[in-house]
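Reading through the C-alpha cells given below for one structure.
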2 protein chains.
Amino acid sequence: MYSTEVELLLKSKKIKVGDRIRLEKSNLTYDGILMPRIELGDPSVISIKLDNGYNIGIKFDKNVKIRFLDKGKPIRFKPAETSVRKDPSKQTISILGCGGTIASRVEYTTGAVFPAFSPDDLLLSFPSLRNIANIKGKKLFELFSEDMTTEHWQIIARNVEKEVKSGIDGVILMHGTDTMHYTSAALSFMLQSLPVPVVLVGAQRSSDRGSSDNLVNLTCSTVAATSDIAEVSVCMHGSTGDEFCYLHQGTKVRKLHTSRRDAFQSVNVLPFAKILYPENKIEYLRTDYNKRDKKTLKLDDKINSSVGLIYTYPGIKPEFIDSLSKFFEGIVIAGTGLGHVPTTPFSDKLTRSVLPSLKNLINSGIPVVMAPQTIFGRLDMNIYTSGRLLNEIGVIGNQCDWLPETALVKLMWTLGHTKDMKKIREMMLTNVAGEIGNRTVIG
Amino acid sequence: MYSTEVELLLKSKKIKVGDRIRLEKSNLTYDGILMPRIELGDPSVISIKLDNGYNIGIKFDKNVKIRFLDKGKPIRFKPAETSVRKDPSKQTISILGCGGTIASRVEYTTGAVFPAFSPDDLLLSFPSLRNIANIKGKKLFELFSEDMTTEHWQIIARNVEKEVKSGIDGVILMHGTDTMHYTSAALSFMLQSLPVPVVLVGAQRSSDRGSSDNLVNLTCSTVAATSDIAEVSVCMHGSTGDEFCYLHQGTKVRKLHTSRRDAFQSVNVLPFAKILYPENKIEYLRTDYNKRDKKTLKLDDKINSSVGLIYTYPGIKPEFIDSLSKFFEGIVIAGTGLGHVPTTPFSDKLTRSVLPSLKNLINSGIPVVMAPQTIFGRLDMNIYTSGRLLNEIGVIGNQCDWLPETALVKLMWTLGHTKDMKKIREMMLTNVAGEIGNRTVIG
C-alpha cells in the first residue's frame with residue numbers, strides 16, 4: 001500500500017496498480033505502468049514502469065501531477081511453491097538479501113518487479129539452482145548499494161556468522177553492484193578464519209530486462225558457494241557473453257565499468273576461479289586460497305567510519321588538506337604514479353606542497369595512508385623524491401599494491417581497533433586478507 | 001654548484017663529484033655516487049646515484065651526515081655536437097621540455113643523469129630521430145609532474161602557441177607521467193583549432209635503466225608529430241614489449257598502472273593510432289580526428305584552479321561535503337556506478353544522504369559535476385533513483401562518459417570563463433575536445 005495521501009488520490013482518479021498513467025513533476029513527464037509500492041520503500045514514492053523497461057520512483061508531493069492514460073490488465077500473482085524437498089546428497093547454501101537489482105523477479109502481467117527473497121520465491125525464479133544445492137534464503141535489508149554504510153557491513157557480517165554457526169555449507173550475499181567491492185573488502189577483514197565460502201553476487205542489468213545477468217551470476221555464485229574456496233569473494237560475469245563468471249578475491253576486485261556485465265575485474269591478482277555456465281564447472285586459476293574445513297569463524301567487526309578518501313591532483317590546496325582533521329580520524333590519499341603528491345623538492349615557485357599539511361595531520365595523531373590512483377600496480381615510494389619525503393614523515397603504504405577502496409576499508413577497520421600510531425602502521429602493513437599482494441603473483 | 005654550505009662541507013671532506021659516499025639521515029643510510037647538482041634544483045639537495053641505478057636527492061641540514069667511501073673515476077663530459085644540418089625535405093619538430101625522467105641522458109663515467117634538452121644534446125642521445133624530422137628543442141621547466149599546477153599548463157600552452165606561430169610542423173612535449181593525462185586534457189581545451197600535432201611523451205622507466213622506454217616513446221612521438229593528426233595526444237608504449245606505441249586522445253587517456261610501460265590507456269574510445277617501432281609506421285585506428293591544415297590556432301588558456309575532485313564511498317559525511325564551499329568554486333564528484341551518491345530514497349535509518357549538502361552547494365553558486373569512479377563507461381542518471389535525484393537538483397554530467405580527471409580539468413577551464421550557472425552547464429555539456437564520447441564509437 002502507498003501512503004494514505006497517495007492511495008486517496010489514486011482512488012479519486014480511479015487509478016489501479018497496472019494502469020498506464022502519466023506523472024508530471026517540475027517540467028518532466030513520465031508515462032508508464034503504475035506498480036505496487038516497493039516493499040520497505042518510502043510509501044509516498046510512486047513506482048512506474050517506463051516504456052524502456054526501467055522502473056522509476058517519483059516521490060509524491062503537491063507538485064506531482066498524476067493522470068490516468070489507459071486501463072491495465074488484471075494482475076495475477078503466481079502462487080509461491082510452498083514446500084521444497086531438501087536433497088540430503090547436496091550441500092545447503094544460505095542466500096542473504098542485501099538489496100540491489102539482482103534480488104528481484106518480474107510479474108509479467110504488469111511488468112512490476114518484486115523482491116523474491118523467500119527460498120520458495122527464489123527457486124520459483126531460478127529452479128535450476130536446485131540442481132546445485134539446497135537453498136535457504138533471508139532478506140537482511142533492501143537498499144541501493146550506494147546507500148550502504150559501515151553499519152550495514154556489520155549487519156551482514158553478523159548474519160553471516162549466524163548462518164555459519166548454524167552449520168550452513170556456504171553463504172551467498174545478493175548485493176547492489178555500486179559498492180559491492182567496498183563490502184567484499186570489509187567482510188574480508190571482519191570474517192576471519194572462514195570455514196566456508198562467502199560469495200557476493202549482483203547484477204548489472206535489472207531482472208526485468210532480457211539482457212539481465214542475474215541467472216548466470218546467481219548460478220555461478222551457487223557453484224562457488226559449494227566449492228572449497230573458503231574466502232570472501234565476488235562472483236560476476238567474466239565477459240560480455242553468458243559463458244562464464246569470474247570469482248574474484250574480496251580485497252582485490254573493483255567495479256571498472258558503469259554498465260558492462262563484466263564490470264568487475266581483479267586488480268593485481270588473478271581471480272580465484274572461472275565458473276563455466278551452463279556447465280556449472282569450476283576452473284581454478286589459483287591455489288593460494290583458504291580451503292573449506294572445520295575451523296571456527298572469528299567475527300571481528302569493529303570499525304570506525306571516520307576515514308576520508310582524498311584524491312590528489314594538480315592544484316590541490318594545502319588548506320583543504322588541513323581542514324580534513326575536522327572530519328576524519330584517518331586519511332587515505334589516492335596519490336599519483338608510484339605514490340606521490342605535490343612536494344616541491346625543487347622549489348618551483350608555482351607549486352604548493354601539501355607535505356607540511358600531511359605532516360601536521362600525522363603529528364596530530366591522524367594516520368595518512370597512500371594508495372595508487374592509477375588503480376593497477378604497486379606503490380614504490382623509494383624511487384622519487386616525493387615518495388621518499390612522504391616515507392620520511394610517516395605516510396603508510398610503501399610497496400603496497402592495494403586498491404584505494406580496500407585501503408580505505410582497511411583503515412576504517414584498523415581504526416576500529418586502535419588509535420595508537422605504531423599499532424595502526426603495524427596492522428595496516430600486515431597482510432590480513434590478501435589485500436597486499438605477493439610480488440610474484442602477477443607482473 | 002651546490003649551496004655554499006654543502007660545497008664547503010664536501011671540500012673539507014675532500015669529496016668530489018663522482019666519489020662514492022654515504023649519506024645518513026634519521027636512521028636511514030644511502031650509499032652511492034655523488035652527482036652534480038640537478039640544474040634548477042634546490043642547491044642544498046645532495047644528489048647521489050644508488051647501487052640500484054636510481055638517483056635520489058637528500059636535502060642537506062644539520063641532521064645529514066656525509067662520509068667518504070671511495071674515490072670515483074674522473075668525469076669526462078661528451079662534447080655536444082654543435083651544428084646539425086637541417087634537411088629541407090623533412091618536417092621540423094619542436095621538442096619542449098617540461099621535466100620528467102624522459103628528458104635525461106646518462107653520463108656513463110659517473111652514471112649521473114643529465115637533462116638533455118638542447119637539440120644537439122637530444123640528437124646526441126637519440127641520433128635516429130634525425131631520420132624522421134629536423135628537431136629543435138627548448139626547456140620550459142624541470143619538474144616532477146606531481147608538482148605540476150594549472151599555471152604550468154598555461155606556460156606550456158603559451159609556448160606551444162609561440163612554436164606554432166613560428167611555423168613549426170609539430171610539437172612534442174616531454175613530460176612526467178604522473179599527471180600527463182591532466183595536462184593533455186588541459187591543453188586539449190586550451191589549444192583550439194590546432195593546425196599541427198601536439199604530442200605529449202614520457203617514460204615510465206628512467207633513462208639510466210636498461211629497460212627505459214624513452215627511445216621508443218620519443219621515436220614514436222616524432223612520427224606522430226609529423227603525422228596529419230592535429231590533435232593534443234599522448235604517445236606511450238602500447239605493450240610491455242618495444243614493438244609499438246599508442247597515440248591516445250588527450251581527453252580520453254589515463255595512467256592506469258604505477259609502473260608498467262604500457263600504463264597509459266585510452267578510456268571509452270580507441271587510440272587515434274598505433275605507431276610501429278622500429279618501422280616508424282603509423283597505423284590509423286580512427287578517422288574522426290582534426291586533420292593538419294592551415295587554420296589558425298586559437299589559444300584559450302583561462303583557467304580557475306579552485307575545483308575539488310571528491311570521491312564518494314560508504315560512510316561519506318554530509319558535513320564534509322558542506323565544508324567544500326570554503327575551498328572550491330566547483331566540485332567534481334567521482335560517484336559510484338552510473339553516477340550515484342548516498343541519497344536514502346528508501347529512508348534507511350543508517351544512511352546519511354549527501355543530497356541536501358550537494359543541493360546547498362549548487363544553490364550557493366558552486367557547480368557540481370558527476371564523473372564515474374568506475375573510470376570506464378558512461379554515466380546514466382535516469383535509471384536509478386539516486387541518479388534522478390541528482391539530476392533534479394542540477395548536478396551536471398548525465399549521459400557523459402568523461403574521465404574524472406578530464407571532468408575536473410574541464411570544470412577548471414569552464415570556471416575560468418564564466419560564473420553563470422546556466423553558462424557553466426552549457427559549456428560543460430558541449431563537447432569541446434572529444435571529452436564526451438560519441439555513443440557509437442565503442443561498446
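The values are calculated or read from the model by the stated rules, or taken from the named source; none is laboratory data. Note that this is a predicted model, so its numbers are computed, not measured. Cβ: placed from backbone, ideal geometry, glycine included. Neighbour counts: every protein chain shown.
Identify all residues within region A:320-359 that are in a loop (DSSP other than H, G, I, E, B), among the aromatic types (F, W, Y) and at the interface with chain B (Cβ under 7 Å from one of its Cβ atoms); write none if there are none. Result: A:F327, A:F346.
Would you please list the contacts, defined by Cβ atoms under 7 Å and residues six or more apart or on different chains, that run from a residue in region B:395-417 that is over 15 Å from B:G434 (Cα atoms) to a residue that is among the basic types (K, R)? Pairs found: B:I396/B:R425; B:G416/B:K302; B:H417/B:K302.
Could you list all residues from region A:242-269 that are of a type in the set (S, T, N, Q), free of Cβ contacts under 8 Å to residues at least 40 places away in the same chain and in contact with a Gly (Cβ under 9 Å, 6 or more places away or on another chain)? The one that is of a type in the set (S, T, N, Q), free of Cβ contacts under 8 Å to residues at least 40 places away in the same chain and in contact with a Gly (Cβ under 9 Å, 6 or more places away or on another chain): A:T258. Within region A:306-319, the residues that satisfy the criterion of being more than 7 Å from every other protein chain (Cβ to nearest Cβ) and under 24 Å from B:F141 (Cβ atoms) are A:T312, A:I316, A:P318.
Just one of the numbered conditions (1) at pLDDT below 90; (2) touching a Leu at 6+ places or on another chain (Cβ under 8 Å) is not true of A:A157: (1).
Among the conditions (1) touching a strand residue (DSSP E or B) at 6+ places or on another chain (Cβ under 9 Å); (2) assigned to a helix (DSSP H, G or I), B:R378 misses just one, which is (2). Checked against the criterion of being crowded, with 24+ Cβ neighbours inside 10 Å, within 14 Å of chain B (Cβ to nearest Cβ), farther than 21 Å from A:P88 by Cβ and of a type outside the set (V, I, T), region A:154-171 has no qualifying residue.
Listed here are the residues, each with its yes/no results for (1) more than 23 Å from B:K422 (Cβ to Cβ); (2) β-branched (V, I, T); (3) under 32 Å from the mean Cα position of the chain (by Cα).
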residue: B:G308; (1), (2), (3): no, no, yes
residue: B:E319; (1), (2), (3): yes, no, no
residue: B:E329; (1), (2), (3): no, no, yes
residue: B:T351; (1), (2), (3): yes, yes, no
residue: B:S357; (1), (2), (3): no, no, no
residue: B:I366; (1), (2), (3): no, yes, yes
residue: B:V369; (1), (2), (3): no, yes, yes
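Could we say that A:M174 is surrounded by 24 or more Cβ atoms within 10 Å (Cβ to Cβ) and at pLDDT below 95 here? Yes. Evaluation of B:T336 against the conditions (1) free of Cβ contacts under 8 Å to residues at least 24 places away in the same chain; (2) crowded, with 17+ Cβ neighbours inside 10 Å shows that the sole unmet condition is (1).
Among the numbered conditions (1) in contact with a His (Cβ under 8 Å, 6 or more places away or on another chain); (2) facing chain B (nearest Cβ under 7 Å), the only one that A:P372 does not meet is (1). Among the residues of region B:102-125, not a single one is at pLDDT 75 or above, more than 30 Å from A:R388 (Cβ to Cβ) and either surrounded by 19 or more Cβ atoms within 10 Å (Cβ to Cβ) or among the small types (G, A, S) (or both). Checking each residue in region B:1-31 for being of a type in the set (G, A, S) and at positive phi picks out B:G18, B:S26. Examine region A:272-280 for a residue that is more than 30 Å from B:V267 (Cα to Cα) and without any contact (Cβ under 8 Å) to a residue 24 or more places away in the chain, and state whether such a residue exists. Checked against the condition, which is being more than 30 Å from B:V267 (Cα to Cα) and without any contact (Cβ under 8 Å) to a residue 24 or more places away in the chain, region A:272-280 yields at least one hit.
Checked against the criterion of being crowded, with 22+ Cβ neighbours inside 10 Å, at pLDDT 95 or above, among the β-branched types (V, I, T) and not in a loop (DSSP other than H, G, I, E, B), the candidates A:I362, A:I310, A:I303, A:I282 yield just one match: A:I310. Considering A:L350, A:L297, the condition of being at pLDDT below 95 and of a type in the set (A, V, I, L, M) is satisfied by A:L350 alone.
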